[in-house]
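The structure appears right after this line, and notes come after that.
The values are calculated or read from the model by the stated rules, or taken from the named source; none is laboratory data. The structure presented is a predicted model; accordingly, all values stated were derived computationally and were not measured. Methodologically, a virtual Cβ is constructed for each residue, glycine included, from the backbone with ideal geometry; neighbour enumeration extends over all protein chains shown.
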Amino acid sequence: MIKGCAFDVGNTLINDTKLVRDTLEDMAKWLERKGIIKQKRSFITTYNKVNKFTFRPFISHTFGEEEFFQKTFEELGIKSISPKQVLEKYRRFLMSRTSPDDDVLETFKFLRGKGIKIALLTNERVNRVEAFIRKTALANLLDAVLISEQLRMEKPDPAIFAEASKRLEVKCERILMFGDNEITDGAARGLGMKFVLVTSYRNTEWQWENGLPIHPDYIIRKVNKEEIERCLEVLGTDS
């Protein structure tokens, strides 16, 4: 019987693609009002290009990085404002748009009611995940939080899944890994976890890590009680 569930965060529990798109619109309007940029679209297009083609471990493509704005401003010739100041404003806009997902809260309460332990397992910055937990009121429903920046390892490294098993005190074979990425989240299968692909917010352009895609054991559209309950039944874990 399944005793633990691990969940990716971005584009699994929350639509990070939309969140970034809407936040960049807010950011562009703010920069335009201050007279720093003249064309919103040029700023947004350049930032997205920089974000897409910048990859190194333990950064956040959602919460933003100072270097994203630095490279964007260099390309656009902007010198009247610091990248650090803009990053701080961007993050405030982003968190103002982050809201609790009733489906996720209901699902986690359902799993808790069945005695199933819950972990967040994400390639992210610590400050982004901590802000997400505060804003969504998930803290009391979590048994473990594993963040790549803090652990200095990230999916698809098998070590991070082993660490999740250790912290949950549940064998890998009894854990389901829910995520939108068949490379990073799918790697959990290598340790015996079952991989459930979550498709509703999935964005194949948001896949930076190298590795082979892994076929999921099960596919759901969204993390909600009905689909999770059905997942447990189909995978034979509800005996």
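Could you grab me the full set of residues in region 29-46 that are more than 26 Å from the chain's Cα centre (by Cα) and exposed (fewer than 14 other Cβ atoms within 10 Å of the Cβ)?
The answer is ARG33, LYS34, GLY35, LYS38, GLN39.
Looking only at residues that are in contact (Cβ under 8 Å) with a residue 24 or more places away in the chain and hydrophobic (A, V, I, L, M, F, W, C) in region 82-95, which one is surrounded by the fewest Cβ atoms within 10 Å (Cβ to Cβ)?
The extreme case among them is MET95.
Which of the following residues is under 26 Å from ILE160 (Cα atoms), more than 19 Å from the chain's Cα centre (by Cα) and free of Cβ contacts under 8 Å to residues at least 60 places away in the same chain: LYS79, LYS109, LYS135? Break it down into steps so the answer makes sense when it comes.
Values: LYS79 fails: under 26 Å from ILE160 (Cα atoms); LYS135 fails: more than 19 Å from the chain's Cα centre (by Cα).
On inspection, the qualifying residue turns out to be LYS109.
Can you name every residue in region 183-193 that is free of Cβ contacts under 8 Å to residues at least 60 places away in the same chain and either of a type in the set (Gly, Ala, Ser) or not in a loop (DSSP other than H, G, I, E, B) (or both)?
Across region 183-193, the qualifying residues are GLY186, ALA187, ARG189, GLY190, LEU191, GLY192.
Could you check how many residues of region 1-38 are closer than 27 Å to LYS84 by Cβ, in contact with a Leu (Cβ under 8 Å, 6 or more places away or on another chain) and in a strand (DSSP E or B)?
Number of matching residues: 0.
Out of all the residues in region 196-233, which are loosely packed, with under 13 Cβ neighbours inside 10 Å and modelled with pLDDT under 95?
If the condition is that a residue be loosely packed, with under 13 Cβ neighbours inside 10 Å and modelled with pLDDT under 95, then THR204, GLU205, ASN210, LEU212, GLU233 are the ones that fit.
Name the single residue that is farthest from VAL9 (Cα to Cα) among those in region 47-80 being surrounded by 19 or more Cβ atoms within 10 Å (Cβ to Cβ) and of a type in the set (Ser, Thr, Tyr).
Going through the qualifying residues, I end up with THR72.
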